[in-house]
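Here is the structure we will look at.
What follows draws every value from the coordinates through simple rules; no lab data is involved. Predicted model, so just to flag it, every value in this text is computed and none were measured. For neighbour counting, all protein chains shown are included, and Cβ atoms are generated from backbone atoms with ideal geometry for every residue, glycine included.
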Amino acid sequence: MSGSRFISTLQNMINSNCSIQYQRSIFLIAGFLWLLTACTKTTTNPYPPQSQSRILSYKIVNTTTPITGVVDDNDHTITVYLGPTLFLSILEPQITVSEGASISPASGTFIENLADYFAKGRTIQYTVTGKDKSVSTYSLHIISQQPPLSFQEVTTDPADPVTYNHSISWYANSIPIYTTTPYLFSPSNIVSQAVGRVSLVAENGTEYPMTADGAGAPAFAGAGVTSYSHVIVNLSGVIGYDLLTGGANQTSPPPGLYRIKVQYYSRTTTLKNPIRIIYE
């Protein structure tokens, strides 16, 4: 609205009801406000230019449906969430970066040994170099939504540990470990140690890794019978055991009480009640 129209409209509104002196005061105030508004200058601050060394997208593609990672440019992190029933031993990432940028490790480079990643932790980083030679480093975080592990105790009475004589034949020293929840996990990967591990933990904390002899998925449950997943380990499967010498000459692990520790993917649990190992 022009200044003359503004004043004219205001005059029509107050002519019939206001004194001359009051009208003049209103005109002066209105005119000042109009001039103040007319002189106000609006400035626009431009957005800062985006980095040329950015990760634009991160996906895991060796799945039925690709998993999209969350890229945070402020913290320079990538977070990948794996579903509760997804137990991948290898991840294949597909990565896009800023135009003209390069990335190391390259898109498609496998992320392997996830069992070790979850058990021990390790740093996984990507370095992006922009076409302007700027450099950004992103850290990858892999989060599994796997449910907790739950197992039946091998020793039911902690005051009377199940005893295994490590001096006798291997077939007498098999230890079946059953889950307490049907279909909790598919145990076949424990045998290959792709995503699962079993070990014995001595009272002093020394850990003895084991290989698994076998594993079983639940059979069909019928007539009120519930079947559970299980994994079978054997004392001769202790890594470092000399099967050729074996028997009375075997000294590892030494006699004593041991708790069984099971890692399956991102979860680890240790049975509460110990077993006993003897040599006789």
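For A115, the shell of other residues with beta-carbons less than 14 Å away shows a net charge of +3, using +1 for Lys and Arg and -1 for Asp and Glu. Tally Lys and Arg at +1 and Asp and Glu at -1 over the other residues with C-beta under 14 Å from the C-beta of T206: what net charge comes out? Once all neighbours under 14 Å are counted, the net charge is 0. Each Lys or Arg adds one and each Asp or Glu takes one away; over the other residues whose Cβ falls under 15 Å from the Cβ of P148, this sums to +3.
Bridging of K59 to aspartates and glutamates at a Cα separation below 13 Å is possible for E92, once same-chain residues fewer than 8 apart are set aside. Taking GluC sites (Glu not before Pro) across segment 79-157, the ones in a DSSP loop with at most 16 further Cβ atoms lying within 10 angstrom of their Cβ are E99, E112.
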